[in-house]
1. Springs between alpha-carbon pairs under 10 angstrom, Gaussian network model over the chain: which of Ala107, Ala145, Ala23 fluctuates most?
2. Sum -39500 (n - 2.57) across every DSSP H segment of at least 4 residues in the chain, then divide by the residue count to get the 222 nm mean residue ellipticity, nearest 500.
3. In the Gaussian network model of the chain, springs joining C-alpha atoms below 10 Å, which of Val103, Val156, Val14 carries the largest mean-square fluctuation?
4. One quarter of the convex hull surface, Cα atoms only: what value does that give for the stretch 158-299 in nm²?
5. Using Cα positions and a limit of under 28 Å, work out the lysines in reach of Lys331, with same-chain residues fewer than 8 apart set aside.
6. Give me Leu298, Leu227 ranked fewest to most by other Cβ atoms within 10 Å of their Cβ, as a rough exposure proxy.
7. Looking at the P(r) of the stretch 187-226, how many percent of alpha-carbon pairs lie beyond 11 Å?
8. Using Cβ contacts closer than 10 Å as the measure, can you line up Trp318, Trp173, Trp84 from fewest to most?
Amino acid sequence: MDAIDKKKLNIAFVGLGDRGRTAVRMMTEMPDVRVAALCDTVEANVTTARAAVVSHTFCAAGTDAYKLACGRPDVDLVYVCTDWNSHATIALEALRAGKHVAVEVPAALTIGDLEQLVQTARAAGRRCFMLENCCFDRQVQDAVAAIRRGEIGEMVHAEGTYYHELDDRWTGWRLEINRQLAGDLYPTHEIGPICMALGIGQDDEFQTLVSMDSAAIAGPRVYKRALRKEAEDFAAGDHTTTLIRTRRGRTILLKHDVMTRQDYDRQLTFIGTEGRIVLTDEGRPSHEAMTRAMNRHLVEALMNGGELLVSEADMARWCAIVPLSLQSIKKGYAPVAFPDFNF
């Protein structure tokens, strides 16, 4: 990838809710970053974010504000922090305008959109980087390095858990997605580190996926409590289990639950022929520390022409779990094959 021949990376931020405003705050602390544009559908969010920016910045509010930012010649990177349903639309607009893209997880919810993101980025000669900060957890990186050195023998199995009761921060759009879709809707925090450890995309590939969900008991109650309306058609089961088999015969187990009442909990287990490594939340860096490390990596890679830790194909593989789990559950918990994103 060619380096950006400038002293500063000019970034347009699209989506200025809690996550977007945090990204603006952290990025403004970097001396080689300039906030070139701030966009959101809500004008109040733009105004709040603008208060944290010193230099002159283009600001726009409205449903098409992101298009104005993507068309600006002074923008190098479009940083997308909107709701999941709009990620692919905004990212594709930016790539077609010749901009690099950083997009929050999951980058897209359909196989078609994932394929378009990979193909469009490659055709444009631009990068589409998924903002999976758990790959920048120091304990994760140390564990991955140990596994790749063979310290627990040959890998045979890995497990990832994402338990996180949705609270008031997520009322609205995220609960609506869970109401509409039955599947593992948020797998990348676990599958990213697992793929790094197993060499998925290097010396192994996903082959087959099966997903199964529990009944939706807590989900409708959470929805009613948060949004004050009934959801008799609530689709997502309270607990979703996904099993993946790779081409080399390794297995991966993912567990997803954002409806039952429990503390936030992410666990990773790596089992090899000579031992295992287990990572829990205890002692791991904060969300902000991982995001800072990720943002620093992104800026340096774009400015210097370096490789990104998460490639477009990685992004597509990891996010494909969402639509494939939907397919598996809809087909009566049937196995489904992974597409090949190595175009």
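1. Ala145
2. Values: 12 runs with 127 residues, N = 343.
After summing the helix terms and dividing by the residues of the chain, the value is -11000 deg cm²/dmol.
3. Highest fluctuation of the listed residues: Val156.
4. Details: hull surface 40.8 nm².
So the mean shadow area of the Cα hull is 10.2 nm².
5. Partners found: Lys255.
6. Working: Leu298 24, Leu227 14.
With the sparsest Cβ surroundings first, the list reads Leu227, Leu298.
7. Values: 579 of 780 pairs.
Roughly 74 percent, once rounded to a whole number.
8. Arranged by neighbour count, lowest to highest, Trp318, Trp173, Trp84 become Trp173, Trp84, Trp318.
Coordinate-derived values only; no laboratory data. Just so it is clear, the structure is predicted and the values come from calculations on it, not from any experiment. A quick note on method: Cβ atoms are made from the backbone with ideal geometry, for glycine too, and the neighbour counts reach across all protein chains shown.
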